[in-house]
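Presented below is the structure to which this report refers.
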Amino acid sequence: MTDAPQTTFEPLVFSGVQPTGNLHLGNYLGAIQRFVAMQDTHPCIYCVVDLHAITATLVQPDLVQQTREVTAAFLAAGIDPKRNIVFNQSRVHEHAELAWVFNCVARLGWLNRMTQFKDKAGKDRENASTGLYAYPNLMAADILVYRATHVPVGEDQKQHLELARDIAQKFNNDFAGRIAELGLGDAFFPLPEPLIQGPATRVMSLRDGTKKMSKSDPSDYSRINLTDDQDTIAQKFRKAKTDPEPLPTEPKGLENRPEADNLVGIYAALSGDTREAILGQYGGGQFSTFKQALTDLAVTKLAPINAEMKRLLADPGHIDAVLKDGGERASAIAAPVMDAVKDVVGFLR
Ligand code: AQP
């Protein structure tokens, strides 16, 4: 037991998106739309995680442009870079520095359980980069270098968040004596809480309702990209896989019908309506009618974001200035935390 005062952490939101290609409806509904909502209730830090982008594929086609595109999507969706911090990860060297310390905190057994590594490395595990394997340690550093308390993410990131909590807990426990001696309270890091909320925490592929919608799916018909135009969105929903039954009249009828469940979930997330209300309106009818309504709704929601992204991308100087300013403000928070970590670990400085 320690007599150190109990540490309280100010609520702070952190989350990130990789600049690895076309952002899709899953990224938007599972993450970015949630980011926008969080800024009304919390201070928020939103990061374009470019260090993560090279873990699966080292040589990216155009990392600068991909970074600008994710930033444009953040801004076009409604994230205010003045009220919040928006920046790209590689500008703030403390992320990588803390990740190294966390490489030494996290246990191999913990990382061996990460299902995303297994999925992404596939059968050719020997050939996966060590960065892909240690990705969750860097993700823990991204969050904890700001001592962030809340992390809005999609379902697929739940396990990584649990690992971040385990890392924070182990650091706090292993260095408890040093943390108290330095007058840093009874815990140095908060245990960050995942916020996995809303009707679209796991948007599925339009071609296979059992697979996550993903940037890396070879079929472009599996996803709606934020940059798709109206005709492409209509075509993709028209071709989306369904089963031969009509839509059920209540949510229970969506059980064991992954494709139907996914389309209704997308509609719910875009409209803000409940599944009950949607099925009350479209249940019993043909899929084609519902798909047309879904297309109209998606176009109404995505067209303004798409247009604003185009406008922003025509002025890369503005986007770069936002990231530079955000990077400076992020560094101002991360630097003293990293200095304190060095003191806790015992590095001479
Ligand atoms: N299908 C999804 N449904 C709901 N949320 C999703 N997210 C990703 N896919 C879905 C959430 O989007 C945020 C940013 O994800 P990311 O780009 O950093 O990484 P990812 O999860 O690896 O995304 P992708 O698109 O699926 O890329 P690949 O194909 O490379 O695996 C995260 O909050 C994530 O949960």
- Task: Could you please give the count of residues in the stretch 25-50 that are more than 11 Å from the ligand (Cβ to nearest atom), open to solvent by 20 Å² or more (accessible area, probe 1.4 Å) and not β-branched (Val, Ile, Thr)?
- Result: 4
- Query: Which is surrounded by fewer than 20 Cβ atoms within 10 Å (Cβ to Cβ), within 10 Å of the ligand (Cβ to nearest atom) and modelled with pLDDT under 95, of THR2, THR57, THR8?
  - Reply: THR57
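I need the helices (runs of 4 or more DSSP H) fully contained in the stretch 83-184, keeping only those with at least 1 residues that are among the hydroxyl-bearing types (Ser, Thr, Tyr) and touching a residue at least 24 places away in the same chain (Cβ under 8 Å).
Numbers: elements: 94-105, 108-112, 115-121, 130-144, 158-174, 176-181.
Ranges flagged: 115-121, 130-144.
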- Message: So ASP119 passes all but one of these: (1) at pLDDT below 95; (2) under 30 Å from ILE333 (Cα atoms). Which condition number does it fail?
- Response: (2)
- Please work out if PRO19 is at pLDDT 95 or above, in a loop (DSSP other than H, G, I, E, B) and within 12 Å of the ligand (Cβ to nearest atom). yes
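Working only within the stretch 253-307, note down all residues that are of a type in the set (Val, Ile, Thr) and open to solvent by 40 Å² or more (accessible area, probe 1.4 Å). Let's see the steps before the verdict.
First pass over the stretch 253-307, keeping only residues of a type in the set (Val, Ile, Thr): 264, 266, 274, 278, 289, 295, 299-300, 305.
If the condition is that a residue be of a type in the set (Val, Ile, Thr) and open to solvent by 40 Å² or more (accessible area, probe 1.4 Å), then THR274, THR289, THR300 are the ones that fit.
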- Restricting the stretch 192-215 to residues that are outside any loop (DSSP other than H, G, I, E, B) and open to solvent by 70 Å² or more (accessible area, probe 1.4 Å), the one nearest to the ligand (Cβ to nearest atom) turns out to be LYS212
- Filter the stretch 100-131 down to residues that are within 16 Å of the ligand (Cβ to nearest atom) and open to solvent by less than 20 Å² (accessible area, probe 1.4 Å) and give me whichever is nearest to the chain's Cα centre (by Cα). MET114
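The values are calculated or read from the model by the stated rules, or taken from the named source; none is laboratory data. Bear in mind the structure is a predicted one, so any value in this text is a computation, not a measurement. A quick note on method: Cβ atoms are made from the backbone with ideal geometry, for glycine too, and the neighbour counts reach across all protein chains shown. Protein only, heavy atoms only, side chains kept; ligands, DNA and RNA dropped before computing areas. Shrake-Rupley method; radii C 1.70, N 1.55, O 1.52, S 1.80 Å.
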